[in-house]
Ligand code: PMP
C-alpha cells in the first residue's frame, strides 16, 4: 500500500480513502460495462443512475424538501459569482452582499458588472477577522437577494448564525463548509459550492435552488447561463462533469455511512476543538488571527512568532507527514484545513506535532 500523508490542503483536498479505493476498483470496468465512468455516455442508464443517486443523496443528507432542485454544473463556484446576478438581479433592484473575505469580494465585483450592488456589511477594514452578527447586516427592502459566504476559506472565519432575510432570497456560497454540519437549509433560496473541499474532486459545482427562486430566472439569458436550462434537463443539457459527479456520489455515500451530518458534525467539532485548544493554551506561540465567535471549523488560521518559524514549521510538518499547512499567499502564516474527510486521528497527530514543535523552538 502506498504511503498516504495527512493532507491539510484547502482544496482540492483530502478525500476519504474508502472512496478513492472504490473508485480505483471501478476505474477500468464500471459495474460490468467494460468501460470506465470516464468513458461511458452521459446519456447511458449507468450514468443516469449515478446522476440521480448523487442528487437524491444530496437531498437526503442535507434534509432538503421537494421544493429544492439539485444541479451539477461546470465552471467552479467562481462562475456562480456572475451567473447568480445574471439570473436574479433585474434592473431597478439591488443585489446585497456581505463582504467577509476574498471570495465574497470577488462575488461582489462580478455582480457590479451586471447591476446595482449594495454591500450590507464588510469586515475588510478589520482584515476580515470576523463575520457579522445578523443585526449588523444592513438589508434594504428593495434587495433582489442577500448573498453571504458561510465559510471564508482564506481568512478562517465562519458564520455560526445566519440572518433572517424575510422575503428576500438568501443566497449562500458554501464552497468550503457544505455538508460539514447540520443547518436549517430551508432558509436558503440558493446554495452553491465547488465540490473540491467537502464533496469530491474539482470540476463540479453543486447548486441547490428553491423552486420559487428558480421561477424568477429570465427567459432571455444565453442557454448555458440560465439555471432553468439545468433544472429542466436534470443537469444533462450538455455533457456534465461526469467523473466528478460520480466521485461526489461516492463521497455522499461515505457521509451517509458515517451517520450523516450529525455524525460528521460531531467529528468536525472534535477536530476543531483539538486545534483551538492547543492554540488557546499556547497563545503566545500559535496566535489565532480571527475573533473567537467567528472561528471556522474548517480552516484554522494562525501566525507563529516569526516568519522563519512559520517556514520551519511547514518544512518540518511536511517531513513528519503533514502537508498543505501554508497559509494563503494573501495572508501568510499557517492554515489548517480539515474538511470532512480528514480523520480525527490526523488532527490529533498534528496537534501533538504542534506541541513538540513549540517545545523545541
Ligand atoms: N468560494 C469559496 C468560499 C472558496 O473557498 C472558493 C475556492 N477556494 C471559491 C468560492 C472559488 O471556487 P472555484 O475555484 O471552484 O471557482
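The values are calculated or read from the model by the stated rules, or taken from the named source; none is laboratory data. Just so you know, these numbers come straight off a predicted model, no measurement behind them. Positions of Cβ are backbone-derived with ideal geometry, glycine not excepted, and every protein chain shown enters the neighbour counts.
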- Residue check, residue 38 in a loop (DSSP other than H, G, I, E, B) and closer than 29 Å to residue 229 by Cα: yes
- Task: Could you grab me the full set of residues in the stretch 94-104 that are in contact with a strand residue (DSSP E or B) (Cβ under 7 Å, 6 or more places away or on another chain) and either modelled with pLDDT under 95 or within 11 Å of the ligand (Cβ to nearest atom) (or both)?
- Result: 100, 101, 103, 104
- Query: Any residue in the stretch 12-32 that is assigned to a loop (DSSP other than H, G, I, E, B) and in contact with a helix residue (DSSP H, G or I) (Cβ under 6 Å, 6 or more places away or on another chain)?
  - Reply: yes
- Item | Enumerated helices (runs of 4 or more DSSP H) restricted to the stretch 259-361, each holding at least 2 residues that are under 19 Å from the mean Cα position of the chain (by Cα) | 260-281
- Do any residues in the stretch 43-59 that are closer than 19 Å to residue 199 by Cα have Cβ atoms under 6 Å from those of residues that are at pLDDT 95 or above and in a loop (DSSP other than H, G, I, E, B), where the two are at least six apart or on different chains, and which pairs are they? 47/40
- Note on the structure: Over the stretch 42-86, the set of residues on the phi > 0 side of the Ramachandran plot and either in a helix (DSSP H, G or I) or away from the ligand (no atom under 16 Å from the Cβ) (or both) is 63, 76
- Quick one: would you say residue 228 is within 19 Å of residue 44 (Cα to Cα) and either at pLDDT 95 or above or out of contact with any strand residue (DSSP E or B) (no Cβ under 6 Å at 6 or more places or on another chain) (or both)? no
- Query: Does residue 209 satisfy the criteria of being surrounded by fewer than 20 Cβ atoms within 10 Å (Cβ to Cβ), away from the ligand (no atom under 15 Å from the Cβ) and either assigned to a loop (DSSP other than H, G, I, E, B) or touching a residue at least 60 places away in the same chain (Cβ under 8 Å) (or both)?
  - Reply: no
- Message: I'd like the full set of residues that are away from the ligand (no atom under 16 Å from the Cβ), within 19 Å of the chain's Cα centre (by Cα) and buried (at least 24 other Cβ atoms within 10 Å of the Cβ), limited to the stretch 106-161.
- Response: 146
- Considering 201, 218, which residue is part of a loop (DSSP other than H, G, I, E, B), farther than 21 Å from residue 63 by Cα, within 15 Å of the ligand (Cβ to nearest atom) and touching a residue at least 40 places away in the same chain (Cβ under 8 Å)? 201
- Note on the structure: When the stretch 167-183 is checked residue by residue, the ones that are touching a residue at least 12 places away in the same chain (Cβ under 8 Å), farther than 17 Å from residue 297 by Cβ and surrounded by fewer than 19 Cβ atoms within 10 Å (Cβ to Cβ) are 168
- Query: Residues of the stretch 221-235 being over 18 Å from residue 147 (Cβ atoms), surrounded by 16 or more Cβ atoms within 10 Å (Cβ to Cβ) and in contact (Cβ under 8 Å) with a residue 40 or more places away in the chain, which ones?
  - Reply: 226, 230, 231, 234, 235
